Structures are given as structure tokens and as C-alpha cells.
1. Check every one of the strands (runs of 3 or more DSSP E) wholly within the stretch 43-160 and list those with 3 or more residues that are surrounded by 17 or more Cβ atoms within 10 Å (Cβ to Cβ) and not hydrophobic (A, V, I, L, M, F, W, C).
2. Do the conditions hold for Arg127, that is, is it touching a residue at least 24 places away in the same chain (Cβ under 8 Å) and more than 24 Å from Ser53 (Cα to Cα)?
3. For the structure I just gave you, tell me whether Leu153 is of a type outside the set (S, T, N, Q), more than 19 Å from Thr69 (Cβ to Cβ) and touching a residue at least 24 places away in the same chain (Cβ under 8 Å).
4. Among the residues that make up the stretch 85-101, is at least one of them under 18 Å from Phe66 (Cα atoms) and free of Cβ contacts under 8 Å to residues at least 12 places away in the same chain?
5. Here are some residues: Thr63, Thr79, Thr33, Thr28. Which one is among the hydroxyl-bearing types (Ser, Thr, Tyr), more than 18 Å from Arg120 (Cβ to Cβ) and at pLDDT 90 or above?
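The values are calculated or read from the model by the stated rules, or taken from the named source; none is laboratory data. Worth saying up front: this structure is predicted, and the values here are computed from it rather than measured. Counting neighbours? That spans all protein chains shown, and the Cβs are built from the backbone with ideal geometry, glycine included.
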Amino acid sequence: MGEARGRGAVGGRASAGGAASGAGAPGTAREATHKATAPQLSWREYAELAKQSPERIYRDCVTDVFRATGPGGQGVNTTDSAVRMRHVPSGVTVVSRESRSQLQNRQTCLAKLHDIFARRARPPRPRKKTKPTKGSKERRLKAKHIRGERKALRSRRDFE
């Protein structure tokens with residue numbers, strides 16, 4: 001028997017798989033792909049990623065290929081042409097199934113990753129502090145004063 005290594009290995013042997021093999025247990029692939037575990041990068045870090053070449057980005061990715069769905073008949077149903085790429089350092093996942101060619105779908109995924117990095121690399125716009133003008137403050141206070149006088153007229157007065 002082969003030796004199992006990693007977080008899920010128990011006693012040097014792989015556990016017997018099956019329908020109830022602890023899907024969703026800590027340390028599984030399901031945990032690794034969950035959005036809550038994705039790192040939160042700053043716009044400066046995304047700017048560094050956007051400067052990288054597609055080859056460098058590809059080296060940091062985990063790639064899955066699967067069968068695309070939709071129109072295309074036998075050409076789609078028999079080939080694993082759809083590509084899902086997950087950029088591990090950033091946690092960004094993209095999918096491409098536009099083409100029947102796996103190579104073209106890989107290139108499309110890399111272009112999508114680059115676009116996402118470039119979009120997230122924009123620095124946040126500085127917040128402009130807004131302050132009410134002197135005239136608006138005076139109008140508001142005048143309106144409050146008039147409202148207060150109106151309310152004062154509602155009260156009962158004893159005339160003696």
C-alpha cells in the first residue's frame with residue numbers, strides 16, 4: 001500500500017473513501033476553495049500581480065479541466081476543454097469554456113486573471129469631506145426656531 005501524506009492522512013494509510021468519507025472535513029479541497037479562506041490583498045499587492053507576465057501568473061495557479069456544457073454536441077461532450085484556474089496567492093478563481101480548445105481556454109483564463117488584477121489594482125478614490133455651508137446652517141436653525149415657536153403655541157396657558 002502507498003503511504004498517505006498530508007493533513008487528512010491517518011496512521012500512514014489513506015482512509016477508505018466513499019459517499020460518507022467526511023466531505024467538508026477540515027483540510028479538504030472544499031475548505032481550500034471556500035471564499036472565506038481567500039486572502040484579502042490591498043490594491044498595491046494587486047498592482048504587483050498585474051505587472052507580472054502571464055507565464056509567472058500561470059505558475060502560481062492551480063488548474064482544473066472539465067467538460068463544458070451547452071451547445072456543441074459531440075465536440076463538447078467528449079473533450080475536457082473547459083478550464084478553471086485558481087490563483088493561489090490571491091484566491092481569485094476564473095472559468096473559461098468559450099472555446100473548444102483547452103489551450104485557448106487556458107489563455108482566456110490568464111487574460112481574465114490579468115483583467116481582474118488590473119481592475120483591483122486601482123487605488124481607492126480619496127474621500128472628499130463635505131461640510132454644510134454657513135447659509136444652510138442658518139436656514140436649518142431658522143426653520144427649527146419657527147417650528148419651536150409653533151409648538152410653543154400649542155401648550156395651554158393660564159390667563160390670570
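1. So the answer is 82-87.
2. no
3. Details: of a type outside the set (S, T, N, Q): yes; more than 19 Å from Thr69 (Cβ to Cβ): yes; touching a residue at least 24 places away in the same chain (Cβ under 8 Å): no.
No.
4. Narrowing the stretch 85-101 to residues under 18 Å from Phe66 (Cα atoms): 85-87, 93-101.
Restricting the remaining residues to those that are free of Cβ contacts under 8 Å to residues at least 12 places away in the same chain gives 98.
There is at least one residue in the stretch 85-101 that is under 18 Å from Phe66 (Cα atoms) and free of Cβ contacts under 8 Å to residues at least 12 places away in the same chain.
5. Step by step, each of Thr63, Thr79, Thr33, Thr28 is checked, and only Thr63 is among the hydroxyl-bearing types (Ser, Thr, Tyr), more than 18 Å from Arg120 (Cβ to Cβ) and at pLDDT 90 or above.
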